[in-house]
Amino acid sequence: MVILKFGGTSVRDAEWINKALEIVKSQLDRAPVMIVSAMGKTTDKLQEIAHLAEKGMREKADNIFQDLKEAHFSVIHSFLTNENLSSCLAAMDILFIELKSIIKGLSYLRECTPRSNDAILSFGELFSTTIIAHRAREIKIDTAFIDSREIIKTDDQFTHAVVDENVTHSCIRGKIKPQKGKLTVAQGFIASTKEGITTTLGRGGSDYTASIIGAACHAEEIQIWTDVDGIMSSDPRIIPKAKTVAEISYKEAAELAYFGARVIHPSTIQPAINLGIPVLVKNTGNPQSMGTRIIANGEGKDRSIGLLKAIAFKKGITIINITSYRMLLAYGFLRMIFDIFEKYKTSVDLVSTSEVSVSMTIDNTSQLESIEKDLKAAGNVSVENNLSIICLVGQGLWRDPQILSKVYGALDSIPIRMISLGASDTNLSFVVPDNEAENTIKCLHKVFFE
Ligand code: ADP
Ligand code: ASP
Ligand code: MG
């Protein structure tokens, strides 16, 4: 069997849904399982609805609700007929009535807990898969519809729930029966607790769903279908001259994803690595293009060692500096600092230390005040905001003796605040001011790829 995951950009309207289904149809003999995201920007709009409901702004929430309803129903009317049309309309009516009552309830209460937030966001994928399953039947594809909440089981960390792999794998194997000539459609992103309460896997999480199901079913391949020709040398929205990377290792792809290349979700890679399942990233709008093949670490051509594959960036980074003379010749100091970050469940990306100071970057500042307060017991603390991490990814980059001089040469007027090379063997990362991030990427791309 093969997994085909279509992101929101790939199912944004009737035309793209048809393209996606053409791709699936051409692989029916591989027992395809299709994992689908919410259409276009639906999840963002649902998020807006949730915020408005929390503020009690029911009328504004209802307006967005109405827009979403009209957009989905106009797709339905454009390509469904007879019993497919009536069955789809009936199913969608039920979903929209349910969503409307949730919005009404939350607006009255003026609250939106993470649990309610997940309930609202889950509708995007329920809408898209309901429409797509009906369209598939309309074009004579034998189609099974699965509710992912019955197969992906998580804890109750709403908005970024953690998957219980054992339970999930057995649910998947019990419910999904891939078969040649038959299509299975399921939602990405959504899941549920063991009590059946709806959860989500975090924004962009549909890739992860694809990978979990792929691992449980021992898929021969996982295909991530998006709106660009694979993983590119940089974000093509910023660098129009970005080139497709033909082959990239799991490790390189994970670094890129983690440091901001939205094209693939970082967690996607892990279940696939464990079983050595190849992951392909392809363009729904241009299926002939080869796309990117994500291969096992260490596989592929030796000549790619030391070669820069791509540049990613992540904005909104904060640096925390701690200076303490107690650190001089002392041990256990770093552990004490990291314990504080662990206590507040905040992950640190880059670290740089000298004899008496440590600098660290974080992107989640929700616990910053408490972290700062605890850190003050260890030394002087200062915080710098509005920064970006720029991440150059490539296996064994440090083996290129010119790498740093090339980077510094490309960025002669941009201040580099912090730098890390060699920690992971696959990346060179550094920090620049937020307002220099795009310029930095452009300068680097020119030097390394153009
Ligand atoms: P989907 O709807 O398929 O999940 P996303 O919007 O999440 O799509 O991801 C695709 C987008 O990722 C592309 O349109 C592109 O702008 C962005 N992107 C960022 N960095 C890269 C990169 N290095 N290679 C390809 N795309 C990238
Ligand atoms: N629809 C969800 C989101 O927009 C999940 C996804 O697209 O992967 O985050
Ligand atoms: Mg995505």
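Details
- Of residues in segment 258-268 being within 10 Å of ligand 3 (Cβ to nearest atom) and either of a type outside the set (A, V, I, L, M) or free of Cβ contacts under 8 Å to residues at least 24 places away in the same chain (or both), the one surrounded by the fewest Cβ atoms within 10 Å (Cβ to Cβ): Arg262
- Of all residues in segment 216-231 being of a type in the set (A, V, I, L, M) and within 16 Å of ligand 1 (Cβ to nearest atom), the one that is nearest to the chain's Cα centre (by Cα): Ile224
- Members of segment 83-99 found to be touching a Lys or Arg at 6+ places or on another chain (Cβ under 6 Å) and closer than 15 Å to Ser128 by Cβ, listed by number: Phe96
- Segment 307-345 - residue that is out of contact with any Asp or Glu (no Cβ under 9 Å at 6 or more places or on another chain) and hydroxyl-bearing (Ser, Thr, Tyr) and, of those, nearest to Thr244 (Cα to Cα): Thr323
- Residue match in segment 260-269 (condition: in contact with a Leu (Cβ under 9 Å, 6 or more places away or on another chain), within 21 Å of Phe158 (Cβ to Cβ), at pLDDT 95 or above and outside any strand (DSSP E or B)): no
- Unique match (being within 16 Å of ligand 1 (Cβ to nearest atom), in contact with a helix residue (DSSP H, G or I) (Cβ under 7 Å, 6 or more places away or on another chain) and within 17 Å of Leu21 (Cβ to Cβ)) among Ile76, Ile132: Ile132
A quick yes/no check of all residues on (1) modelled with pLDDT under 95; (2) of a type outside the set (Lys, Arg); (3) within 21 Å of Ile231 (Cβ to Cβ):
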| residue | (1), (2), (3) |
| --- | --- |
| Ser366 | yes, yes, no |
| Ile371 | no, yes, no |
| Asn380 | yes, yes, no |
| Arg399 | yes, no, no |
| Lys406 | yes, no, no |
| Leu411 | yes, yes, no |
| Leu428 | yes, yes, yes |
| Glu450 | yes, yes, yes |
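- Taken over segment 243-257, the residue count meeting the criterion of being surrounded by fewer than 20 Cβ atoms within 10 Å (Cβ to Cβ), outside any loop (DSSP other than H, G, I, E, B) and among the charged types (D, E, K, R) is 1.
- The set of residues in segment 75-87 that are touching a residue at least 60 places away in the same chain (Cβ under 8 Å) and not aliphatic (A, V, I, L, M) comprises Ser78, Phe79.
- Evaluated against (1) touching a residue at least 60 places away in the same chain (Cβ under 8 Å); (2) out of contact with any Asp or Glu (no Cβ under 6 Å at 6 or more places or on another chain); (3) surrounded by 15 or more Cβ atoms within 10 Å (Cβ to Cβ), Glu436 falls short on exactly one condition, (1).
- Note on segment 407-422: residues that are assigned to a loop (DSSP other than H, G, I, E, B) and either without any contact (Cβ under 8 Å) to a residue 24 or more places away in the chain or aromatic (Phe, Trp, Tyr) (or both) total 4.
- Conditions (1) aliphatic (A, V, I, L, M); (2) more than 15 Å from ligand 1 (Cβ to nearest atom); (3) closer than 30 Å to Ile340 by Cα; number of the one not met by Leu256: (2)
- Leading residue by the ranking (surrounded by the fewest Cβ atoms within 10 Å (Cβ to Cβ)) among those in segment 225-242 that are among the hydrophobic types (A, V, I, L, M, F, W, C) and touching a helix residue (DSSP H, G or I) at 6+ places or on another chain (Cβ under 6 Å): Ile238
- Of everything in segment 163-215 that is within 16 Å of ligand 1 (Cβ to nearest atom) and assigned to a loop (DSSP other than H, G, I, E, B), the residue that is nearest to Ile141 (Cα to Cα) is Gly188.
- Verdict on Met92 being surrounded by 16 or more Cβ atoms within 10 Å (Cβ to Cβ) and either over 25 Å from Leu183 (Cα atoms) or more than 25 Å from the chain's Cα centre (by Cα) (or both): yes
- Checking Pro240 against (1) within 16 Å of ligand 2 (Cβ to nearest atom); (2) without any contact (Cβ under 8 Å) to a residue 24 or more places away in the chain, the condition it does not meet: (1)
- Test: residue in segment 385-406 that is touching a residue at least 60 places away in the same chain (Cβ under 8 Å), surrounded by fewer than 21 Cβ atoms within 10 Å (Cβ to Cβ), closer than 19 Å to Thr318 by Cα and within 25 Å of the chain's Cα centre (by Cα): yes
- Tallying residues that are within 16 Å of ligand 3 (Cβ to nearest atom), assigned to a helix (DSSP H, G or I) and crowded, with 22+ Cβ neighbours inside 10 Å within segment 29-77 yields 3.
- None of Gly291, Gly285, Gly298, Gly276 is over 17 Å from the mean Cα position of the chain (by Cα), modelled with pLDDT under 85 and either within 16 Å of ligand 3 (Cβ to nearest atom) or under 25 Å from Ile222 (Cα atoms) (or both) except Gly298.
The values are calculated or read from the model by the stated rules, or taken from the named source; none is laboratory data. Since the model is a prediction, treat every value here as computed from it, not as a measurement. Counting neighbours? That spans all protein chains shown, and the Cβs are built from the backbone with ideal geometry, glycine included.
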